[in-house]
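Rule-based calculations on the coordinates, nothing more; no lab input. Not measured: the values here are computed from a predicted model. All Cβ positions, glycine included, derive from the backbone under ideal geometry; neighbour counts span all protein chains shown.
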Amino acid sequence: MSISPNAGIGYENVTGNVFNSKHVQYTGSNVTDAIMGIEFNFRKISVGLNGQLPVAQNFAEGQTQLKFKGMAHVTFML
């Protein structure tokens with residue numbers, strides 16, 4: 001078994017909606033996350049967890065605030 005820590009930065013950008021050729025107010029957004037996690041490798045199977053904390057964001061012109069989120073994954077090597 002091996003253990004691999006990881007860290008990085010994630011960025012997501014969503015283009016605003018358009019309806020009848022007009023921009024829809026409060027749509028479109030972007031967020032930058034600080035990401036930290038760990039992965040456990042067992043032969044041909046890996047299991048990982050990470051946490052994502054927003055460090056900069058603009059959702060619905062400030063009406064929506066993202067909070068901490070996490071992700072888990074399982075990977076099988078063929």
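Give me a count of the residues in the range 24-55 that are more than 23 Å from Ala72 (Cα to Cα) and surrounded by 11 or more Cβ atoms within 10 Å (Cβ to Cβ). Spell out how you get there, then give the answer.
Quick first cut of the range 24-55, residues more than 23 Å from Ala72 (Cα to Cα) only: 24-29.
Now restrict to residues that are surrounded by 11 or more Cβ atoms within 10 Å (Cβ to Cβ): 24, 26-29.
Here the count works out to 5.
Which condition breaks for Gly62 when tested against (1) surrounded by 11 or more Cβ atoms within 10 Å (Cβ to Cβ); (2) free of Cβ contacts under 8 Å to residues at least 12 places away in the same chain?
All conditions pass for Gly62, except number (1).
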